[in-house]
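Step one of this worksheet: look at the structure below.
The values are calculated or read from the model by the stated rules, or taken from the named source; none is laboratory data. In this text the structure is predicted, and so the values were computed from the model without any measurement. Note that each Cβ is placed from the backbone with ideal geometry, even for glycine, and that neighbours are counted across all protein chains shown. Just so you know, the surface numbers come from the protein's heavy atoms only, side chains and all, with ligands and any DNA or RNA stripped out. Shrake-Rupley method; radii C 1.70, N 1.55, O 1.52, S 1.80 Å.
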Amino acid sequence: MSQSQSEPTVRYPLPVDGALEAPADWDRLRRQCPVAGVELPSGDSATLLTRHQDVKALLADARFVRPTAADNAARLSSEGGGGAAVTNGDSALSLPTKGEPHQRWRRRVSKWFTAKRMTALRPGMTATADQLIDDMVAHGHPADLKAHVGFLLPVYVICDMLGVPAADRDRFSHWSDAMLSITRFSQAEIETAHTEFVRYMSEHITAKRQSPADDLLSMMIKESEGEGEGLSDSELVATGMGLLVAGHETTANMIGKMLAMLLADRSRWEQLLADPALVRTAVEEALRFDTNLGFGLRRYLSEDYEVGGETVPRGTTVICSMPAANRDADVFDDAEEMNLARTPNPHLIFGAGPHSCLGQALARTELQVVLEALLRKLPTLELAVPTEELERVEGLLVGGLRQVPVRW
């Protein structure tokens, strides 16, 4: 896991001054050391990419995927955490990661997340968002926007899509946090949560086989039982688990971060009130401007790879910092400014290429729906604490804010 680097190894994650602030090192690394050696919390070494062109090129390269148990990859924590539950080689999580098998799996799953399907789901999402906001108002202010709206909307949506009871949301949240843990859970806790989650999803899929309904997993089971090559039981379990984690964890955090960014500078909120047609581009800009995405996407190099004029050797674990790439001034004019009307906006928050986020149409729709509903129902919405008092989620692969206190 040796690294090619032009300066001493720096510790990763990089330090920040505030919950919404960008690391001061991003600009320096992009200019002076775009292929940087970093030391992870585990003490292992990795390589960090911060330039847009480099991050995009690696993420779009089908040869390289997220580390698996078979790779001698850098550990994120001393106990080997950091998505260990996802990559520990368990047969219940055996999804193809490369080539035609991976593309076949993506084709089967992605058709349930098209923009057309999201448009059909939008009225129901809007009704749910309106109800959650009404419940938050009834609760009184100050209120935690993340807990009352940001967490619940994506949970209700993905649970409905998968046909699992939303009443189990606290269990899903615990299992998701464990699967995304770097330092929050011990390895024993991660493995216990993983075992519980696998059992739950296996039993759910068995129940769906016996009593199918009008949900994504039932339809995928039906396809698997028909002619042609469908998903195996283990792939169905892995797909259900992966969608449940990705379908609420990242979007729930992003809703809170988006609103915090828009309310941190009141002129941004006022601009949207004056022109609600900006919601779509404002959502894209919030995604680009987010500094708190989390750890970044990892790629394991199974062969030597040239980037930024350097050869990074096979066996290297590379961390692609999409938020750093999204502040690259060579790609974005006034990259350090939040421009709610920015277009085009080629941010990399959903990745690139054959492994880009399957659920990006769902995430975009949920973010737009929440923002539209809040602008319509709570035009006087504001942060209830100074931005300096907002706190980041720590110890997980995904970034977020612990709370987003608001008043109206």
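Contact order for region 170-257, expressed relative to its length and based on alpha carbon pairs under 8 Å spaced 6+ residues apart, stands at 27 percent. Sorted largest first, the principal axis extents computed over the alpha-carbon atoms of the chain equal 56, 54, 38 Å. In terms of the mean number of neighbouring beta-carbon atoms within 10 Å, the peptides 65-76, 104-115 order highest first as 65-76, 104-115.
Taking only the C-alpha atoms of region 301-408, Rg followed by Dmax gives 18.4, 55 Å.
Remark on region 144-228: hydrodynamic radius 14.4 angstrom, per the Kirkwood mean of 1/r across alpha carbon pairs.
Share of the chain's accessible area from carbon and sulfur, percent, 1.4 Å? Walk me through the intermediate numbers first.
On the way: 8340 of 17270 Å².
With neighbouring chains kept in place, the figure for the chain is 48 percent.
Run lengths n ≥ 4 of DSSP H only: what is the helix-derived mean residue ellipticity at 222 nm for the chain, with -39500 (n - 2.57) per run over all residues, to the nearest 500?
Numbers: 13 runs with 183 residues, N = 408.
Result for the chain: -14500 deg cm²/dmol, rounded to the nearest 500.
With the convex hull drawn around the C-alpha atoms of region 82-212, the volume per residue stands at 149 Å³.
With every protein chain in place and a 1.4 angstrom probe, the accessible-area ranking of 199, 392, largest first, reads 199, 392. Computed on protein heavy atoms with a 1.4 Å probe, the accessible areas place 267, 173 in the order 267, 173, largest first.
Accessible surface calculations at 1.4 Å, restricted to protein heavy atoms, place the chain at 42 Å² per residue. Residue order by solvent-accessible surface for 265, 160, 25, 290 is 160, 265, 25, 290, largest first, with ligands and nucleic acids left out and a 1.4 Å probe.
With the gyration tensor restricted to C-alpha atoms of region 117-171, the semi-axes of the equivalent ellipsoid amount to 21, 15, 8 Å, longest first.
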